[in-house]
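Single-structure report; data block below.
The values are calculated or read from the model by the stated rules, or taken from the named source; none is laboratory data. What you are looking at is a predicted structure, and each value in this text was computed from that prediction instead of being measured. Here the Cβ is made from the backbone with ideal geometry for all residues, glycine too, and neighbour counts use every protein chain on show.
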Amino acid sequence: MRQDRSLETAVERIEDWSKQPGSPITALWRKPAREADCRPLPAEVSAPLRSTLAARGIRQLYSHQLEAWEKIDRGENVVIPTPTASGKTLCYNLPVLNALSEDPETCALYLFPTKALSEDQLDELQSLISGMGSGIRAFTYDGDTPQDARKSIRQRANIVLTNPDMLHTGVLPHHTKWARFFEHLRYIVIDELHIYRGVFGSHVGNLFRRLKRICDFYGSKPLFICCSATIANPKELAGKLIEQPVSEIESNGAPQGERFFAFYNPPVVNRQLGIRRSYIAETRRLASSFLENGQQTLVFANSRLATEILVRYLKDAAERGALPPESVRGYRGGYLPRERREIEKQLREGEVRAVVATNALELGIDVGSLDTVVMAGYPGTIASTWQRAGRAGRRQSLSLSLLVASSAPLDQFIVQHPSYFFDASPEHAQINPDNLEVLISHVKCAAFELPIQDGETFGPHPTAGLCEFLGEAGLLHHAGNSWHWTSESYPADAVSLRTVTSDNFVVVDITGEPNVIGEVDFNSALTTLYEKAIYLHEGRLFHVERFDYKERKAYVKNVECNYYTDAIDYTQVKVIETFESEPLGPAARSYGEVRINRQIVGFKKLKFYTAENVGAGKLSMPEQEMHTTAFRLTFPHAFLQSFTDYSSAEKRSGLVGLGNVLRTVGSLLLMCDPRDLGVAISSGVDRSGPESDPELYLYDNFSGGIGQSEPLYRMHDQLLRRSRDLLVSCPCEAGCPSCVGPLGEVGEKAKEVACRFLNELTPARNA
Amino acid sequence: MVKPILKQDLERLRRQIRRVKGGRMDPGAAPVPPSVENRQFSSDSLPYFQQEQPERYDAEQVLDGEVMENQWGRYFLSERFYPGHQRHGDFEIAKLAALPGEWLGGISRGGIPPYDPSRWAFLDTETTGLAGGTGTCAFLVGVGTIEDGGFRVRLFFMRDYDEEAAMLAALAEFLQWRDVLITYNGKTYDVPLLETRYRLARKPFPFGRLHHLDLLHGARQLWKLRMESCKLTHLEYEVLGFLREGDLPGELIPYYYFEYLRTRQAFRLVPLFHHNVMDIVTLACLTGIVLPAFASPADADLRHGEDMLGLARWLRRGQAHDDAGELYRRAIDSGLPDESLFRALWEKAMIEKRCGRRDRMLAMCSDLADVRNDYRIAALEELAKHFEHHEKDLDQALRCTAQALDYKPSPELRHRKNRLVRKLTRRDENQR
């Protein structure tokens, strides 16, 4: 009760605050409570299931649950896009459990993106099953499952809860041990479908191609039941992932408590440089005040680094206040499962008052009802932001979410254009299961699982060319009418679903006895583990003593220091092939295949709290080469020369600035992390000659590309207009980190020149 | 809207790989592209790229054996015969035919009925890897059988992957006429792997009706205390006195087979076939040594105390206390290293206790209580129990308990001590 009132007070305070001139609150959005839309349980639901549901107070279904039931009953694959806490698990548990009460041999496979989620769902499922008093057997099967339990699970389970990684390395390559399960497999449940986008989604699409191949072998044809958070294209994504027709559930009958969502933009402290107060410090301040008022608070940070820093800050704050430091916990991917379970439990029981999490907690883990959510920085996508906001206040009560914008361009765009966020549809999730490297990895795994028959297709692809290629490499061998796996290796082990490459570095702590403290994927390693870098782990600082590229190891020592480091890179692009191109006013746009050569050439030292630059260093890291696709803008010399009032250096910095803006807006349109898009400018801004017209590239930052360039090419109009909006509405004078980049890096004229270029490329709307 | 595959993409990858392999990009100094593909291509795992086709030598030309055919197609069958008078190390092949079927009952504790040796099949596979999973294939399956005149090994071999179905069918048919399957680690490795192969070939699995004796378990019982390893080749040398020369290391076997598939040079298979035959002959001879030891432990021809101890422990687990006790005695008498000796003494003491021979149990526990060893505390505890419950000598029981507590305190001992003290006080009060 006390909490409710203090939350109301907090909301009122923010409301007043937002009305003041120059308020940092740029938006306050309210969604009134919504009533439930209920329908009777279908007559086909079996008596034991009906009474179990009744015992848990479920006598009717929400409208979307009924719609799902009816479609599944007709044998349609479905995708259910629902917000957090709308009863989506019943959408799949109901048909599966009912099928099981009719035919006890039925099997179902539940896929969750993380082990923690499977664990959580198992608990819920078990309580339903035990209520039914039936012999239904449900188990999780993942890396944590003890070896001695695995055989019995394979032989007895009706419902197996696992994750794509386990399906990939632990189940499909051993499918003969699962013969009974696959023969009786009727349902495949894919929860948190929206997570399977980008690289991960591209892999998972291929994983499903393999899964369907195995089901074919055992003569089963399971239905897919997918649940997704709100994204613009759930049906398209589901269709691309499972490569079968899917119907979308369009109703939503779940009730919802009253919700508030506020945007907070830290005040500008240096207008000329466009520097705002640190969003991390502001997050700490706001979160601490919620904490002090007794509200259980969830803080989301976007990176491991920010998480660790905020945990440190908030523990300090708690200690200064009356709270024990244990009441503030961190929660991210690198924590051990046992630790995470414990945090979840303490959060539910109220022992922990604040948790600082990365997106590990964004997914539907049941931590009970939280009062407030504070997001340190824009999570990168509209869908993900709503998902995080949904962690506050589940069904009945009032709740408040707060987005604290960083000075990152994307954040600034969002908080300054709240209507973009609140009115627009969420993003499109993109995947490209046809990325050649990803595809080849999975063709290898598929050949390991079952020989590939001549004339067989993998997804839409004929396999002949791929198999011949792998045959030349000695991995496959043609005999009779099929291709066989001829290598002693286990290909699934070499393929990580979460990255394009599975290469990674281990971090060895040599402060005392050498001790491996973590693993870092290849690309992150180059930008976080170079020599002299400061590496953060579990809130502790480590200095990188030695970076062993060949052995894929970094040796670090624990230090105390007041700065962290940030890498500087140098990128060159070569166009290999143009797929399509069109004139664009005086310039041209196109997309196609490129080769990227990238090298980390140095780093900056930045002070904690102020991010003040306190030093720099040179590095000579190995150059990386990558083939990918890029969207590009070509600026003819004639066009550039028409801007006689700028020097070539100024024109160049204008292009650099333009690149930064385009990346921001591009990632917004693509629902990807800004880091998933690379920016580069060709040399030759100051040279003449027709073959070297300067170009600006927005490239897909994954080897082989994951399908981000073509959509940018198609959406160029939105891309350029939104970029201009962002530039025009940015309050800085001549460029800041929120638009074209920090003044010191892009030069004084960057913003002006970028604006001029954009005006030429996009005729004014009302003209 | 799928980009049509990908011919030019594959071509591009090929070029990239050639460049990496061509040495123009030095993988150590710098740009190995950070992808799985390129890493593999740049290393030794893909040595075959762009090589010429060498001259071909077919299996039937260079190997003993013939191409067989059944309704599933063709496969290759090779046979070796070892006449009875031949020795494998110290073991005479003729002894195999004389093994009584009843002996199977000993080691299997009655699980395997007494089938005549002519109904036994010794089986070992050679596979395309140790990774397991559906992509690992048994390309050669050797089966040894005992005949009147000696020992015969049949090698079922697929000259290529399209012969697997015929090979598996022929193997299944051959095994129909046998009742006992004898392997070395087959319960964990060969049989599950073959089960996968039969399932993939959609054929009934022929092993279900066979009684399976995995000799690894018996061999471990018998020799684990003495031998540093129970690997087949190690026992072959230590137990049979046979030294294999020029043998193929197991980890190279897949490589040899793949090389054969690529080059079609069947002479590359010679060491592989030999390796399999040797494993099977050794398996049979070791069976000839392990079986009698377990069938009739009392007259087992064992020369090492540790082997006797191993067998004694197996008997004890099977509740054969008299036989076990006897073997413990023989093991102790024959001289054992300290650690094994103390273990033997303690376990024998427990047998004596079980059989109601308290005096013998007491003597052994007293011995163990006197010197430093792993069983000292347990022995003192046994003594304390004995004095308390059988001799009713509470003072002596307390002394033993206190001594044990001195060596290593534990809540149980403390509890025992407190109870004894209470009992003593009560007794003293009653006496007063």
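When B:ALA363 is tested against (1) in contact with a helix residue (DSSP H, G or I) (Cβ under 8 Å, 6 or more places away or on another chain); (2) over 17 Å from B:GLN403 (Cβ atoms), just one condition goes unmet, and that condition is (1). Among the residues of region A:549-572, the one identified as out of contact with any Ser or Thr (no Cβ under 6 Å at 6 or more places or on another chain), among the basic types (Lys, Arg) and outside any loop (DSSP other than H, G, I, E, B) is A:LYS553. Would you kindly identify the helices (runs of 4 or more DSSP H) lying entirely within region A:380-468 that contain at least 3 residues that are away from every other protein chain (no Cβ under 14 Å) and either crowded, with 23+ Cβ neighbours inside 10 Å or over 21 Å from the mean Cα position of the chain (by Cα) (or both)? Passing ranges, in order: A:382-389, A:409-416, A:418-423.
For region B:367-405, the set of residues classified as assigned to a loop (DSSP other than H, G, I, E, B) and aromatic (Phe, Trp, Tyr) consists of B:TYR375 only. Considering A:ASP165, A:ASP123, A:ASP148, the condition of being within 14 Å of chain B (Cβ to nearest Cβ) and of a type in the set (Asp, Glu) is satisfied by A:ASP148 alone. In region B:195-228, the residue that is farthest from the other protein chains (Cβ to nearest Cβ) out of those that are assigned to a helix (DSSP H, G or I) and surrounded by fewer than 18 Cβ atoms within 10 Å (Cβ to Cβ) is B:ARG220.
Inspection of region B:158-168 finds a residue satisfying the criterion of being among the small types (Gly, Ala, Ser), outside the structural domain of B:ASP307 (by TED's automatic domain parsing) and not in a loop (DSSP other than H, G, I, E, B). Screening region A:55-92 for residues that are of a type in the set (D, E, K, R) and surrounded by fewer than 20 Cβ atoms within 10 Å (Cβ to Cβ) and picking the one that is farthest from A:MET166 (Cα to Cα) gives A:ARG59.
Selection of region A:620-664 for residues being over 14 Å from A:PRO586 (Cβ atoms), hydrophobic (A, V, I, L, M, F, W, C) and part of a helix (DSSP H, G or I) yields A:ALA649, A:LEU655, A:VAL656, A:LEU658, A:VAL661, A:LEU662. Do the conditions hold for A:HIS637, that is, is it touching a residue at least 24 places away in the same chain (Cβ under 8 Å) and more than 18 Å from A:LEU761 (Cβ to Cβ)? Spelling it out, it is not the case that A:HIS637 is touching a residue at least 24 places away in the same chain (Cβ under 8 Å) and more than 18 Å from A:LEU761 (Cβ to Cβ).
Answer yes or no: is there a residue in region A:548-563 that is over 20 Å from A:LYS604 (Cα atoms), surrounded by 13 or more Cβ atoms within 10 Å (Cβ to Cβ) and in contact with a helix residue (DSSP H, G or I) (Cβ under 7 Å, 6 or more places away or on another chain). No, because not a single residue in region A:548-563 is over 20 Å from A:LYS604 (Cα atoms), surrounded by 13 or more Cβ atoms within 10 Å (Cβ to Cβ) and in contact with a helix residue (DSSP H, G or I) (Cβ under 7 Å, 6 or more places away or on another chain). Here A:ASP503 fulfils each of the conditions (1) modelled with pLDDT of 85 or more; (2) of a type outside the set (S, T, N, Q); (3) in contact with a Phe, Trp or Tyr (Cβ under 8 Å, 6 or more places away or on another chain) apart from (1). Of all residues in region A:157-176, those that are at pLDDT below 95 and either farther than 22 Å from A:THR114 by Cβ or among the charged types (D, E, K, R) (or both) total 1. Remark: pairs (first residue in region A:148-163, outside the structural domain of A:ILE190 (by TED's automatic domain parsing); second residue assigned to a helix (DSSP H, G or I) and among the aliphatic types (A, V, I, L, M); Cβ separation under 8 Å; 6+ apart in sequence or on different chains) are absent. Scan region B:142-168 for residues that are surrounded by fewer than 20 Cβ atoms within 10 Å (Cβ to Cβ) and over 26 Å from the mean Cα position of the chain (by Cα) and the total you get is 4. Selection of region A:469-483 for residues being touching a residue at least 24 places away in the same chain (Cβ under 8 Å) and at the interface with chain B (Cβ under 7 Å from one of its Cβ atoms) yields only A:PHE469.
Taking A:GLY239 as the residue in question, decide whether it is free of Cβ contacts under 8 Å to residues at least 40 places away in the same chain and either buried (at least 24 other Cβ atoms within 10 Å of the Cβ) or within 24 Å of the chain's Cα centre (by Cα) (or both).
Criteria met by A:GLY239.
The sole residue among A:PRO95, A:PRO32, A:PRO21, A:PRO48 that is in contact (Cβ under 8 Å) with a residue 40 or more places away in the chain, over 25 Å from A:ALA383 (Cα atoms) and surrounded by fewer than 22 Cβ atoms within 10 Å (Cβ to Cβ) is A:PRO48.
Candidates B:GLU259, B:GLU238: the one that is more than 30 Å from B:GLU339 (Cα to Cα) and without any contact (Cβ under 8 Å) to a residue 24 or more places away in the chain is B:GLU259.
Taking the criterion of being within 14 Å of another protein chain (Cβ to nearest Cβ), of a type in the set (D, E, K, R) and touching a Phe, Trp or Tyr at 6+ places or on another chain (Cβ under 8 Å), the residues of region A:546-599 that qualify are A:ASP548, A:ARG552, A:GLU580, A:GLU593, A:ARG598.
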